[in-house]
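Coordinate-derived values only; no laboratory data. Since we're looking at a predicted model, the values are computed, not measured. Cβ: placed from backbone, ideal geometry, glycine included. Neighbour counts: every protein chain shown.
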Amino acid sequence: MKKLERQLGLSAVIAMGIGASLGSGIFVLPSVALAHTGPSVWLAYLLAGLCIIPSSLSKAELATAMPSSGGVYVYIERTFGPMAGAIAGLGLYLTLLLKNAFALVGFGAYLSVFTDIPVVVTALSFLALMVVINILGVGKVSKILVLIVGVSVVTLVGLSVQGFWVLEPLHMEPLFPKGTYQFFYTLCLVFVSYAGVTKLVAVSEEIKNPEKNLPRGIIISVVSLAVIYSSVSYVLAGVLPYSHYQNDLKPIYTLARHLSGPYVGVGVAVISVLTMVAQANTGILASSRFPFAMSRDRLMPSFLGQLHKKYLTPIWSIILSGALVSCFILFLNVESLAKWASAFLFLVFAFVNMSVIVLRETRVQWYGPSYHSPFYPWMQVFGVLVSLFAFFIIGFTMLEAVLFISIPGALLYFLFGRYRTERKGVLGFRGARKDLIESRETPKIRKSFIDFSQDAKVVVSLFGKEKSPEMLFEIGVALAQNDKVEVAFLIEVPEQTDLDDIQEDSPIIRSIRRRILTMSEKEQVEMSFDPIVSHDIFKSLHEISQRLHCFWLVIEWVGRTHGAFTLHNPMGWLKGHLSCHLAMVRDNGVRYIRKIMVVLKEAVGDRFLADTASLLAQEYRAEVTFARFVEENSEERRYESYQYLKRVAEYCSKESEILVLSGKEEEDAIIQASEEFDLLVFPTHNYTWKERILGSSEEKIMLNAACSVMAVQSGQAFPNWEQV
């Protein structure tokens with residue numbers, strides 16, 4: 001497959017970011033914003049720019065991991081599933097259409113400088129022309145657009161500089177004439193003015209060094225726009241009283257006329273018209289991609305994905321977009337257009353920030369962005385909180401927006417897309433999996449040569465990043481007791497990838513296969529090594545363990561990984577619902593295992609630990625020591641623990657030692673004692689959310705023990721062990 005040539009440098013990225021945003025957000029919206037908050041409008045624009053940075057950087061990370069023409073719709077659909085994708089896709093689609101309608105209304109207002117034709121008639125007429133232009137496929141006028149944007153920036157900067165010399169300080173007082181609530185309402189209203197910056201992710205494949213230039217371009221574009229918006233709105237409020245702009249949909253023309261006379265005002269009006277026409281034209285082209293992409297994913301009727309035979313443009317998507325824009329122009333006023341567009345944007349950006357959190361914390365194998373958003377997860381949490389804050393500030397309109405897209409989006413999925421798509425999204429795979437208990441459906445996996453007719457006593461699961469696959473296999477051999485060991489190398493791919501496309505084994509797989517085969521020949525154990533490509537590795541692993549009737553599943557303990565803030569559990573929800581035993585191993589580089597310490601909890605599972613220790617001791621010809629922790633200054637408790645350990649030791653087939661640990665903290669005592677051993681064995685449990693975020697005693701022992709560590713869990717399919 002051919003890739004786009006990376007030819008966009010940092011300066012081009014900045015120009016595109018500014019160009020995609022300039023338009024009605026500064027040429028029309030300031031008059032509405034001034035009516036709500038007065039002189040503090042410049043501060044509202046400044047803070048709105050700050051609020052959009054988290055979502056912009058999150059989109060930049062997602063874009064480098066999932067470059068696709070579907071953009072945000074694809075990110076949300078791949079993360080949360082097709083229903084969320086249908087809702088988000090519809091929300092983004094409507095956001096773009098509302099922005100187009102907003103630009104066309106502003107265009108009509110500035111055109112009134114030259115003609116008396118009503119604004120709505122002018123807007124609808126040019127909308128029809130743009131629909132025809134986009135169908136004909138001549139919408140790509142990027143060089144002209146860059147020129148128009150450049151002239152617009154120079155014009156706005158020039159007006160700001162000229163206006164600073166004639167400011168009236170009295171016009172800037174008081175700063176919040178209508179209170180702080182109206183100020184925050186205005187902040188939410190002007191938020192849509194920065195929306196174009198996030199479109200930079202759509203060209204991430206064409207940017208040189210995207211991991212550096214994309215985030216830098218986004219931040220510089222936002223800062224540049226914030227300076228332009230804030231300075232222009234500051235001058236608007238300072239040169240004339242803010243009440244002067246009441247019901248004025250062409251405030252920049254009014255300012256230019258006041259500062260430099262009617263001829264300059266007409267020139268500025270021409271530049272404003274061209275800027276908003278260009279914005280609306282590219283908006284129609286961009287918005288038509290959403291129904292096109294959703295029809296391709298079978299979430300919308302297929303005819304919306306049809307291309308015109310001659311012009312090769314998505315004709316029905318363009319016509320639908322034009323029809324909806326005309327409805328918005330006819331039935332919504334300027335403030336409603338901006339408010340609804342901002343409401344949709346806040347909602348979608350909340351999903352964008354949550355997508356980054358979900359993808360990082362679930363550690364799906366295929367998610368490998370070349371750029372990582374800084375200050376994770378606080379940047380994303382701040383972005384979500386901004387959206388929640390906007391929900392309360394915008395109030396009923398935000399609720400209307402949520403219902404307006406959620407209900408049609410959900411209906412679109414349940415009535416149309418549900419029966420045409422089988423994708424679940426990452427959250428569907430990593431959440432609670434009742435389907436693994438209730439369903440007997442075989443997962444979609446590409447198996448190499450797994451022979452389900454032959455059982456395997458132990459399944460060793462590899463994910464590709466293990467420190468020592470050999471040690472996991474060695475543990476598996478010990479637990480198998482001369483029975484068969486199945487080594488499954490699991491490869492996870494996105495749902496949109498056809499499993500049959502992954503045919504050739506990677507160098508890592510070939511290397512590990514060679515090393516494991518050498519070990520199996522040396523140990524003289526029956527073994528099979530099978531790479532498994534799957535969309536759902538949990539379901540595949542569950543299926544393999546069930547079909548092979550295995551007693552043990554052996555995996556590497558991962559712990560916390562770079563770029564995530566929760567403790568990683570590679571088994572996810574499946575860990576607490578396995579029918580077989582589970583062994584999670586952390587290799588600390590111990591070459592020879594001669595001394596094993598087994599930590600007991602005086603619980604039902606201690607007999608299970610004793611039997612496991614016997615198997616390991618036989619394989620490694622090692623000494624076993626059973627240990628129990630008691631608090632300091634408790635001689636009676638020490639004696640009881642000593643007697644308990646003696647009883648447990650009787651179940652071990654090898655001669656064993658007894659060790660009673662004491663101290664202030666159990667974890668510290670176990671870690672200190674591990675210095676004298678080669679392998680530490682103790683029971684594991686399911687982590688609570690508090691433990692996953694703040695850490696657990698198990699994590700502390702795993703990370704700080706001086707020897708290798710193995711945490712074990714008894715399987716649900718086996719009878720409860722008798723109390724020792």
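Which value results when the Cα radius of gyration for segment 589-724 is divided by 2.2 N^0.38 Å?
Normalised Rg, Cα atoms only: 1.03.
Beta carbons within 10 angstrom, averaged per residue: use that to sort the peptides 592-600, 175-183, 240-248, 348-356, highest first.
Highest-to-lowest ranking by the protection proxy: 348-356, 592-600, 240-248, 175-183.
Which entries of 595/700; 99/212; 424/467; 539/601; 467/601 have Cα-Cα distances beyond 24 Å here?
Pairs exceeding 24 Å: 99/212; 424/467; 539/601; 467/601.
Sorted by average packing, counted as other Cβ atoms within 10 angstrom per residue and highest first, what order do 29-42, 357-370 take?
Details: 29-42: 25.4, 357-370: 18.2.
Top of the packing list down: 29-42, 357-370.
Mind ordering 149-159, 44-54 by average Cβ neighbours within 10 Å, highest first? Don't skip to the answer; put the middle values down first.
Numbers: 149-159: 17.7, 44-54: 23.2.
Ranked from most to least packed, the peptides come out as 44-54, 149-159.
Explain nothing, just the number: dipole magnitude of segment 589-724 about its Cα centre with +1 on each Lys and Arg Cβ and -1 on each Asp and Glu Cβ, in debye rounded to the nearest 20. Don't skip to the answer; put the middle values down first.
Details: 16 positive and 24 negative charges, 74 e Å.
Dipole about the Cα centre, nearest 20: 360 debye.
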